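**Student:** Have a look at the structure that comes next, please.
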Amino acid sequence: QVQFVESGGGLVQPGGSLRLSCAASGSIFNIAVMGWYRQAPGKQRELVAVISVRGVTNYADSVKGRFTISRDNAKNTVYLQMNSLIPEDTAVYYCYVGTTRSASWGQGTQVTVSS
């Protein structure tokens, strides 16, 4: 079992910024990748950004140049800085941990971008 503490979601106006954080604990030995997925109503879950233990990053095309992912390996924590937010970013954002044995997602935090 992997436990997550996710925070930073909320309501923000278009053009605003939010910073998500996720601390993982439990069965998280040999973490290879941490990141964020999101799911909007009526849509499938999609990858937003991931970062490997060595710092290699990958972003969805829709967020490149606006979002920045980072991690603190010692704290098993991943962050997502979201700038220039647009209504299309509205979704539940799920923290993700990929280990050598499993893939896990957190409970999610709501991000709403609206005027």
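The values are calculated or read from the model by the stated rules, or taken from the named source; none is laboratory data. All values derive from a computational prediction rather than experimental measurement. Note that we place each Cβ from the backbone using ideal geometry, even for glycine, and neighbour counts take in every protein chain shown. The area values use the complete protein model at the heavy-atom level, side chains included, leaving out ligands, DNA and RNA. Shrake-Rupley method; radii C 1.70, N 1.55, O 1.52, S 1.80 Å.
**Student:** Accessible area of the chain with a 1.4 Å probe: how many percent of it is carbon plus sulfur?
**Tutor:** Of all accessible area on the chain, carbon and sulfur atoms account for 48 percent.
**Student:** Another question about this same structure. Under 13 Å from the 7 Å Cα→Cβ point of Asp72, by amide nitrogen: which residues of segment 1-42?
**Tutor:** Those under the cut-off are 21-24.
**Student:** Once amide H atoms are placed 1.01 Å from N in the peptide plane, what residues at a sequence separation of 5 or more from Leu85, or on another chain, have their amide H within under 5 Å of its amide H?
**Tutor:** When sequence neighbours closer than 5 places are left aside, the close amide H contacts are Gly15, Gly16.
**Student:** Another question, if that's okay. Applying 1/(1 + (r/R0)^6) with R0 = 22 Å to the Cβ-Cβ distance of Ser84 and Leu47, what FRET efficiency is obtained, to the nearest 0.05? Working shown, then result.
**Tutor:** Numbers: r = 19 Å, r/R0 = 0.88.
It comes out at approximately 0.70.
**Student:** A further question follows. Residue by residue through segment 8-24, which ³J(HN,Hα) values in whole Hz follow from phi under the Karplus form 6.51 cos²θ - 1.76 cosθ + 1.60 (θ = phi - 60°), with glycine and proline marked x?
**Tutor:** After applying 6.51 cos²θ - 1.76 cosθ + 1.60, I find x, x, x, 9, 9, 7, x, x, x, 9, 9, 10, 8, 9, 8, 10, 9 Hz.
**Student:** Right, something else. Two-decimal Rg/Rh of the chain from alpha-carbon positions, Kirkwood Rh?
**Tutor:** Rounded to two decimals, Rg over Rh is 0.95.
**Student:** Probe of 1.4 angstrom, ligands and nucleic acids ignored: what's the accessible area per residue over the chain, in square angstrom?
**Tutor:** Normalised by residue count, the accessible surface of the chain is 53 Å².
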